[in-house]
Amino acid sequence: MEYNQESGHVAGLPVPEPCVSFWQQTTRSFPYLNVNKDEQVPAESKYVIIGSGISGALTTYELIQGGVSSEDIIILEAREAASGASSRNAGHVRPDAFRGFQVYKQVHGADQALKIIANERLVFEKVDEFVKEHGVQCDFNPATTFDVCLTQEFADFNAKSFKEYKEAGGDVSHIKFYEGEEARRVTRVEKAVAAYEWPAGSSHPAKLAQWLLTQSIEKGVRLFTHCPATSVIKSASSTADQTLWDVATSRGTTKASIVVHCTNAFAPHLLPQLSSFVTPNRAQAHAFVPPAALSSSSMLKSTMSLRHTLKHFYSVAQRQADGIIVLGAPRSNPNVSAAALKSVLLPDDSAFNEEVRDDAVTNFEACFPSCAKDKLKHGEGLLHTWTGIIGMTTDSVPFVGRIESLPGQWICAGFNGHGMARIFTCAPGVAKLILGGSWEDTGLPECFEITEQRLNKLKEGVSGSVF
Ligand SMILES: Cc1cc2nc3c(=O)[nH]c(=O)nc-3n(C[C@H](O)[C@H](O)[C@H](O)COP(=O)(O)OP(=O)(O)OC[C@H]3O[C@@H](n4cnc5c(N)ncnc54)[C@H](O)[C@@H]3O)c2cc1C
């Protein structure tokens, strides 16, 4: 284990001193942010959930809903509560409506590609339903989103995906298409060549994660913050009937029969067999105070993705709660230097890249000229920049389910910077499996399952990237 004495950082784990995102800045009063930060972990705990992001928080919530006693669960979190990607994203709950179909089809086949897209639509509906049913105060705003095609090249790509998706039997009844002047009018983007619109939303992701954690903690789940799990090894007390796991942490070792890895980008640290298939990448987002032209009754009603190519795109989500616009930056970007592009590969969310920031703001200004620097008053414009680490998988889908070679260990990780459109079915899915359900019960696309067969296929080099 590579350990940096000065920073206290163990290579492969989240850095101990990350930057503070806009979402974290606005939730510093969360009472469980640093809960149990000095406590030793118990010697035994039946269920150990590693990671307190939306995956870990929702898996825990669903296990309790399924009848597991909350006293039997502990959550280990390397840093503050939910301080990974779940509190650092761009706020979009935005299903892919058809765009990724042609790539998914090549990697997973048409049937799975249809299921992947259908699952994302379902996630949006589930988040909407969940937030309404429980009155979760997470600024969730169900609306629509635009895929704004800024180049003919991307308009052609999207048209091909749309056609292939529809011909394969995909439902497009909820998707609207606009061209030329009409696309510019509905999106308000002067450079739009074409646009597609479908239902999607945005939320305050940290508030959602914190709400979920609160429900479990108040029922008796113990969350140990600033407590990274450093290894999971077979316990000497395992019997012929039951394998037990020693989960070592910075504050003692706990013995468990069920271990759930909700560690997203950092999954390979405890599961080195995934190291070639889950890669941490740094993503960057920005908060922008709008000028009058995008405030009050002139706010953007829909979120959007401003797309030059499949991978060169910028997300835009204006918060209904306060009008702040959240801008997501691309990881693949022809406008920035090789050094800036390389910064994307750093699994370090303590800093951000200035070139990436300036490019994201310049692109936004080009699409919305009323936001150009020379038109802004003091107090308008860029408010904050932050980064977070996303878990890219080689086949663009997450790893969910039972780890066949490690009985009692489960995973829900590898969300490709797209977890808000996936976790709300994956985490309930993994909880169902742990409680004895079948894969069919999860309703998830089969290609999400972490089977030996999938891992062998990936070893052979099968890959395809949508993100
Ligand atoms: C800048 C940015 C923009 C994004 N924009 C969007 C978006 O608009 N829409 C969207 O759908 N998705 C977006 N994402 C991705 C989305 O945030 C993630 O897919 C999602 O939050 C993953 O949730 P998670 O719970 O699986 O992982 P995380 O939230 O990363 O949680 C994993 C947790 O595990 C902890 N951990 C890791 N290893 C250990 C260990 N060994 N021991 C203890 N704890 C450990 C981490 O500290 C972390 O808190 C974005 C991400 C970033 C960074």
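The values are calculated or read from the model by the stated rules, or taken from the named source; none is laboratory data. Every value quoted in this text rests on a predicted model; they were computed, and no experiment measured them. Using ideal geometry, Cβ is built from the backbone for each residue, glycine included, and neighbour counts are taken over all protein chains shown. With ligands, DNA and RNA removed, areas are computed over all heavy atoms of the protein, side chains included. Shrake-Rupley method; radii C 1.70, N 1.55, O 1.52, S 1.80 Å.
Values as computed for the structure displayed
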{"read-out": "Amide H contacts under 5 Å for Ala200, placed H, 5+ residues apart", "value": "Ala143, Thr144, Thr145"}
{"read-out": "For Ser276, distant residues with modelled amide H under 5 Å away", "value": "none"}
{"read-out": "Environment charge at Phe313 (Cβ cut-off 9 Å; Lys +1, Arg +1, Asp -1, Glu -1)", "value": "+1"}
{"read-out": "Accessible heavy-atom area order of Glu452, Glu17, Glu190, Glu440, highest first, probe of 1.4 Å", "value": "Glu440, Glu17, Glu190, Glu452"}
{"read-out": "Distant alpha-carbon pairs in the range 323-467 (separation over 25 angstrom), percent", "value": "47 percent"}
{"read-out": "For Thr27, solvent-accessible area (1.4 Å; no DNA, RNA or ligand), Å²", "value": "10 Å²"}
{"read-out": "Kirkwood Rh and Cα Rg combined as Rg over Rh, evaluated for the range 226-324", "value": "1.24"}
{"read-out": "Net length gained if the chain between Ser405 and Ser238 were fully extended (0.36 nm per residue, minus Cα distance)", "value": "58.6 nm"}
{"read-out": "Binned Cα-Cα distance frequencies in the range 201-253 - 10 Å width, integer %", "value": "20, 29, 32, 15, 4"}
{"read-out": "Calculated log₁₀ intensity ratio I(q)/I(0) where the Debye formula runs over C-alpha points of the range 320-391, q = 0.11, 0.17, 0.19, 0.20 Å⁻¹", "value": "-0.31, -0.72, -0.86, -0.94"}
{"read-out": "Gain upon complete extension [Val20, Asp374; 0.36 nm per residue less C-alpha separation]", "value": "124.6 nm"}
{"read-out": "Extension gain (nm, one decimal) between Glu440 and Lys219, 0.36 nm per residue minus Cα-Cα", "value": "76.6 nm"}
{"read-out": "Prolate/oblate/rounded call for the range 102-162, Cα gyration tensor, a/c under 1.5 rounded", "value": "oblate"}
{"read-out": "Estimated distance in nm for a label pair at Glu71 and Ser350, the labels positioned 7 Å out from Cα along Cα-to-Cβ", "value": "4.1 nm"}
{"read-out": "Carbon + sulfur, % of accessible area of the range 80-122 - ligands and nucleic acids excluded, 1.4 Å", "value": "56 percent"}
{"read-out": "Debye intensity ratio I(q)/I(0), log10, the chain, q values 0.06, 0.07, 0.11 Å⁻¹ (C-alpha model)", "value": "-0.25, -0.34, -0.85"}
{"read-out": "Projected label distance in nm at Lys37 and Asn335, using a 7 Å step from Cα toward the beta-carbon", "value": "3.8 nm"}
{"read-out": "Cα centre as origin, Lys/Arg/Asp/Glu Cβ charges: the range 1-121 dipole, Debye", "value": "700 debye"}
{"read-out": "Rg [Å, one decimal], Dmax [Å, integer] - the range 48-148, C-alpha atoms", "value": "16.5, 48"}
{"read-out": "Per residue solvent-accessible surface (Å²) - the chain, probe of 1.4 Å", "value": "40 Å²"}
{"read-out": "Where a label projected 7 Å from the Cα of Gln137 along Cα→Cβ would reach, residues of the range 66-91 with amide N under 20 Å", "value": "81-82, 87"}
{"read-out": "Karplus 3J(HN,Hα) series, Hz, for the range 236-250 with 6.51 cos²θ - 1.76 cosθ + 1.60 (x for Gly, Pro)", "value": "5, 8, 4, 10, 4, 8, 9, 8, 10, 10, 8, 9, 8, 10, 5"}
{"read-out": "Within-12-Å neighbourhood charge of Val232 [Cβ basis; K, R +1; D, E -1]", "value": "+1"}
{"read-out": "Lys132 - accessible surface, heavy atoms, 1.4 Å probe, Å² rounded to 10", "value": "140 Å²"}
{"read-out": "Nearest-10 value in Å² for the accessible area of Phe162, using the 1.4 Å probe", "value": "50 Å²"}
{"read-out": "For the chain, share of DSSP beta bridges that run antiparallel, in % to the nearest 5", "value": "70 percent"}
{"read-out": "Of all accessible heavy-atom area on the range 370-440, the percent that carbon and sulfur account for (1.4 Å)", "value": "56 percent"}
{"read-out": "Candidate lysines - alpha carbon under 23 Å from Lys46, same-chain residues fewer than 8 apart omitted", "value": "Lys37, Lys219, Lys234, Lys255, Lys432"}
